[in-house]
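Each remark here refers to the structure printed beneath this line.
The values are calculated or read from the model by the stated rules, or taken from the named source; none is laboratory data. Every value quoted in this text rests on a predicted model; they were computed, and no experiment measured them. Because the Cβ atoms are built from the backbone with ideal geometry, glycine has one as well, and the counts that use them run over all protein chains shown.
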Amino acid sequence: MTLVELLVVAVIVTILISSAIPVLSPAGDDRLLREGSREVNAYLSAAQSRAIQTGRPQGVMLKRLSVDTLNGEDNGVCIELLTVEAPPPYAGFTSGSLCRVARRIHPTAPYLLQFVQHGVVETDDRLPRNLDHASVPPRFLRPGDEVTVFGAHYRLLAGDGSGTVGIDTTTVRTGEAAANGYFSQPAGSTRSYAAELIEDGPALAINYDADGNEFQSVEALIASGVAPTSPYWTAGAPYKIHRQPTASPAPPLQLPTGAAIDLQASGFATSDKLYTPGHAWDDAEQEYRLATTSPMIMFAPDGSVDRIYYSRQPRGALVNPNAVGYPGAPIVSESVRENIALLIGLRDAIPAPPTELRSSTDTPKESRNDPVLLSADRFEDANLTDLPAPDYERFTRQYNWLNLDSRWVVIGGRTGTIRTVENAFVPPTFTGDFDSQIIQAQSLVREAASSGGRG
């Protein structure tokens, strides 16, 4: 081999090594997550711009990977974003479309709603004489849709077994909870939707009993000696149905391979997160329950954040897997009260490893919400503060909020300003639980928000 050939081989080897080192080194994660956060930032900004241009709410869905895999292990993973838009409010097919409201004693669904219209069909429909049931299009309404009537705001709930409209099971995929489907086509006299009040209005004027009979005077009721049948209904009034956002034709965003939005760490900056693994864990089955309702962030026409749609995750023990806030439950919408922070981290760090059980009374579910215990003895009886740097980095790489390569994409709760911020260092001696560590990791997020920087 000549000297020239040796030089050529040396140059080729040098090029190959130079190309491989960034991939094999920790700096590769930094570049990967920086690029992922840049793409998420740009995609959110594009949706915000469309809302301003069209004058209608537009937003982004953080699609759970579990929607495609039907695997509960992927509940907290988002590697694909889709643009969504709010359908126009629906007020019925005719000018005579109305909605009635009933108040009842019920622990979770204290209201009932009926959609009716002016009519003269005399049937045993238990409606006032001048009203008929209105037709609702198939696959149109879902649990979580909202209704404005009589100046109040209601959220439709999945049927509670008390004569309310049920769910069309053909709209529910295998592994999903029934509440994820559309309402079935109601029939007969059971055409009422269970609802909860989310924004109060004027006091309701009750006019009819459950059989459609108009209330008599108090004196006449006392004289008859017969109590009217419940629940008691209002007259009909114009209404608007605000349905959940739906996907738009715009192309989706696929994050770079290896990067993902960590939904366990993402959510409101100082409160609710978009996913809580412990609430999805089934001790009996030793697996995560499937969650397929994906969070959505909506921008208003002025560029601010309009609403966020997500499955609210309450603290405490799992009681009813189909109740609001648990995997498989319908999503709810809330006005945004603080910054929304999305953590761009490593796909293979989701879900985060459960902590070691603290005592014999702990359950696997509890270990998924326990502190990471950064200062606990984990590696051959060595305290984490004494670990060599490679071992410590290998440990923190298992948790995206402890990995300094992770990035936060932050949306201002009031202004809608979108910025990218680096992950803050969480000291090895910090002993707070997951949520406390996540708040600590967002230190630079709060500094950027207070200074107005974009990151």
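A few notes on this one:
- Residues that are more than 22 Å from Thr171 (Cα to Cα), among the polar types (S, T, N, Q) and assigned to a loop (DSSP other than H, G, I, E, B) were ranked within the stretch 111-155; the one that is modelled with the highest pLDDT is Asn130.
- Boolean, Arg173 is modelled with pLDDT under 90 and crowded, with 21+ Cβ neighbours inside 10 Å: no
- Candidates Val67, Val84, Val40 - the one that is among the hydrophobic types (A, V, I, L, M, F, W, C), touching a Gly at 6+ places or on another chain (Cβ under 6 Å) and over 20 Å from Tyr154 (Cβ atoms): Val84
- Of the numbered criteria (1) surrounded by 19 or more Cβ atoms within 10 Å (Cβ to Cβ); (2) closer than 18 Å to Ser95 by Cβ, the one Arg155 fails is (2).
- Candidates Asp435, Asp405, Asp391, Asp370: the one that is modelled with pLDDT of 60 or more, among the acidic types (Asp, Glu) and assigned to a loop (DSSP other than H, G, I, E, B) is Asp405.
- Looking only at the stretch 241-286, residues that are under 20 Å from Asp405 (Cα atoms), within 19 Å of the chain's Cα centre (by Cα) and outside any loop (DSSP other than H, G, I, E, B) come to 4 in all.
- Total residues in the stretch 25-77 satisfying the condition of being farther than 18 Å from Asp348 by Cα, among the acidic types (Asp, Glu) and without any contact (Cβ under 8 Å) to a residue 24 or more places away in the chain: the figure is 0.
- Among the conditions (1) surrounded by 14 or more Cβ atoms within 10 Å (Cβ to Cβ); (2) modelled with pLDDT under 90, the only one that Thr229 does not satisfy is (1).
- Among the conditions (1) modelled with pLDDT of 85 or more; (2) part of a helix (DSSP H, G or I), Leu197 misses just one, which is (2).
Residue-by-condition table, conditions (1) part of a helix (DSSP H, G or I); (2) within 31 Å of the chain's Cα centre (by Cα); (3) modelled with pLDDT of 90 or more; (4) assigned by TED's automatic domain parsing to the domain that holds Leu342:
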{"site": "Met1", "(1), (2), (3), (4)": "no, no, no, no"}
{"site": "Val11", "(1), (2), (3), (4)": "yes, no, no, no"}
{"site": "Leu16", "(1), (2), (3), (4)": "yes, no, no, no"}
{"site": "Glu39", "(1), (2), (3), (4)": "yes, yes, yes, yes"}
{"site": "Leu62", "(1), (2), (3), (4)": "no, yes, yes, yes"}
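- Looking only at the stretch 64-93, and only at residues there that are of a type in the set (S, T, N, Q) and not in a loop (DSSP other than H, G, I, E, B), the one that is surrounded by the most Cβ atoms within 10 Å (Cβ to Cβ): Ser66
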